[in-house]
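Reading through the structure tokens given below for one structure.
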Amino acid sequence: MQTIIELDANNARKYLLQSSSYCTISLPSYFDFSKVLSFVKQKIGKRDLSSCLADTKKMPSSYDGVNYQLLVNKDGHYAYRRLQLANPYLYYLLVRTITEKANWTEIQAHFIKCKQPTINVVSLPKVKKSIKQVQAGVDIPAWWEDFEQESIALALNYQYVFITDITDCYGSIYTHTIPWSLYGKDYSKEHRTEKNLGNTIDHYMGAMNYDQTNGIPQGSVLFDLIAEIVLAYADTCLYNKLKNKGIQDTDYKILRYRDDYRIFANSKDKIEIIIKVLQEILIDLNFRINTSKTYLSEDVVLNSIKADKRAYLSTSPIYVDGKTTFSTIQKELIYILTFAKEHPNTGMVVRLLSMLLNRLNTTKKSMNDNIRVIISIIVEIMMTSPRVFNVGTALISFFVSKLDTEKEDVIKAIYSKLCRMTNTGEHELWLQRITYHLADVEIDYSEPLTRIVQGESAILWNNDWLKNDLLESFPLLSICDTKIRDSQKPVISAKEVEIFDY
């Protein structure tokens, strides 16, 4: 599958300016940022950042809230992931800069230079086949084919596998490491004011984040690419340092999918050296290894498969070709809830719910289960595994449609329970996807994006740093495609939320 690095500069720019590349966050299908991005492109024209500034000439880094933040709950309690919708003006200017022919050639050369014979990187952003395809639709199959399957194949050659990942990778990236990655640490420290691509990207990261140097945004193909620039540099540092310590190319193999590492070797002593060196490299770049997900194993085949998937595969054959042996939906959901309690927020929980949703969308069997009980179980699964919220909401929409009465009471009870969690903005967006067409259900959502869906104005980005003429007629409400919104039904189809290929 083609990666974005294989595109020429012109096509890379077009790709990054697609709505689905600008925003990879899971949102209802009526969200579309195409008109906003086109408007910004037309308004800015050939201006540079300095000529876009308001009369005060204050840089965007002097303002808080320049990017829009969407905090997503990770565990049903207090852990969260900070996703961002980049300020469209800064996003366009940065994309335009990165995809200038000379700069894009420099980025391509960086990845060629950082490609090491013992480190196989399989996480460079993949190019979608169509504009309508979601980014996860190409990333998940790539993870399975290039990461999991290759890991299993390496069991033929290696006795041990060491598995680890980086804690809060995007939030930990020290932005000055971007120029370090392109030009080396010493050179970059000595040339901090030099006008080069690395310093420019670093400058834009500060502009989007109130001049903070820790963390880059997450939620866009562009920022996935920038993260890979730094991680590719870490690969090179690791390879060179291991070579200096006498570790030969034949001694080990590393697979990396963004911040996930799998290190293969036939010697425990050598794998210990590799781990120690990796830690040193990552610490120098402000990264930390996630000790809760770190372990060494001699069972390379089984540990190449994630624990949740192993647990699913080790059970009796209750699913065959998407069909199930459960006699009722309630029993199936109890099984999924039990599974989710043991393996919370994992991909397999998403898949189990997706298979159920897919069957419900294609069957015409009568419903014998108690619908309120079913909805209660689904909500409990969502509380345990917030990652499943879009699929869970689609299931709820199906069962709510089967209620003759009490729809408002049930929806409000769901909303009330979900509000017990922190950082539920994404959840509100999906719940609104159901309630928008239910005239008898009114909920006062707090997430600003929900107001745009309702045709109301909201403040997403702080643009006080911009000249007024650049903001005139800004098409904020176009973010919600009203034709798609108005044509949809309260029941969310499997096609709208599913990623997996059955």
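The values are calculated or read from the model by the stated rules, or taken from the named source; none is laboratory data. Given the structure is predicted, the values throughout are model-derived calculations rather than measurements. Virtual Cβ from ideal backbone geometry, glycine too; neighbours counted across all protein chains shown. Ligands, DNA and RNA are stripped out before the accessible areas are found, and what is left, the full protein with its side chains, is counted by its heavy atoms. Shrake-Rupley method; radii C 1.70, N 1.55, O 1.52, S 1.80 Å.
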* Structure fact -> Of (1) surrounded by 15 or more Cβ atoms within 10 Å (Cβ to Cβ); (2) over 30 Å from F39 (Cβ atoms), R451 fails just (2)
* Looking only at residues in the range 60-103 that are out of contact with any helix residue (DSSP H, G or I) (no Cβ under 6 Å at 6 or more places or on another chain) and of a type in the set (K, R), which one is modelled with the highest pLDDT? -> R96
* Asked: Which residues, counting only those in the range 45-99, are under 30 Å from A109 (Cβ atoms), open to solvent by 60 Å² or more (accessible area, probe 1.4 Å) and not in a loop (DSSP other than H, G, I, E, B)?
  -> S50
* To do: Kindly establish whether T193 is open to solvent by 10 Å² or more (accessible area, probe 1.4 Å) and in a helix (DSSP H, G or I).
  => no
* Tell me, please, whether a residue that is in a helix (DSSP H, G or I), farther than 20 Å from N199 by Cα and in contact (Cβ under 8 Å) with a residue 40 or more places away in the chain can be found in the range 114-136. => yes
* **Hits in the range 226-273 - residues which are assigned to a loop (DSSP other than H, G, I, E, B) and within 30 Å of G206 (Cα to Cα)** => R258, D259
* **Hits in the range 454-469 - residues which are in a loop (DSSP other than H, G, I, E, B) and either open to solvent by 50 Å² or more (accessible area, probe 1.4 Å) or of a type in the set (V, I, T) (or both)** => Q454, E456, S457, I459, D464, K467
* With respect to the numbered conditions (1) free of Cβ contacts under 8 Å to residues at least 12 places away in the same chain; (2) in contact with a helix residue (DSSP H, G or I) (Cβ under 6 Å, 6 or more places away or on another chain), which one is the sole condition not fulfilled by D444? -> (2)
* Using the structure shown, decide if F326 is in a loop (DSSP other than H, G, I, E, B) and open to solvent by 40 Å² or more (accessible area, probe 1.4 Å). => yes
* Asked: So which residues in the range 27-54 are out of contact with any Leu (no Cβ under 9 Å at 6 or more places or on another chain) and not basic (K, R), if there are any at all?
  -> S29, Y30, D32, F39, Q42, G45, S50, S51
* Structure fact -> All conditions in (1) more than 24 Å from G76 (Cβ to Cβ); (2) open to solvent by less than 40 Å² (accessible area, probe 1.4 Å); (3) not in a loop (DSSP other than H, G, I, E, B) are true of F287 except (3)
* Starting from the range 60-86, take each residue that is at positive phi and list its partners that are not β-branched (V, I, T), counting only C-beta distances under 7 angstrom and pairs at least six apart or across chains. => G65/N462; G76/M383; G76/P386; G76/M421
* To do: Please find, within the range 290-307, the residue that is farthest from A142 (Cα to Cα) out of those that are assigned to a helix (DSSP H, G or I) and either touching a residue at least 12 places away in the same chain (Cβ under 8 Å) or open to solvent by less than 80 Å² (accessible area, probe 1.4 Å) (or both).
  => K293
* Do you know which residues across the range 1-37 are free of Cβ contacts under 8 Å to residues at least 12 places away in the same chain and either buried (at least 16 other Cβ atoms within 10 Å of the Cβ) or closer than 20 Å to I229 by Cβ (or both)? -> N11
* Is there a residue in the range 405-416 that is more than 27 Å from S487 (Cα to Cα) and open to solvent by less than 10 Å² (accessible area, probe 1.4 Å)? -> no
* Looking at this structure, is Q432 of a type outside the set (A, V, I, L, M) and open to solvent by less than 60 Å² (accessible area, probe 1.4 Å)? -> yes
* Any idea which of N370, N345, N358, N390 is at pLDDT 85 or above and at positive phi? -> N345
* Please find, within the range 470-494, the residue that is farthest from P28 (Cα to Cα) out of those that are free of Cβ contacts under 8 Å to residues at least 60 places away in the same chain and in a helix (DSSP H, G or I). => L471
* Asked: Is at least one residue of the range 111-119 under 30 Å from K243 (Cα atoms), out of contact with any Leu (no Cβ under 9 Å at 6 or more places or on another chain), buried (at least 18 other Cβ atoms within 10 Å of the Cβ) and not hydrophobic (A, V, I, L, M, F, W, C)?
  -> no
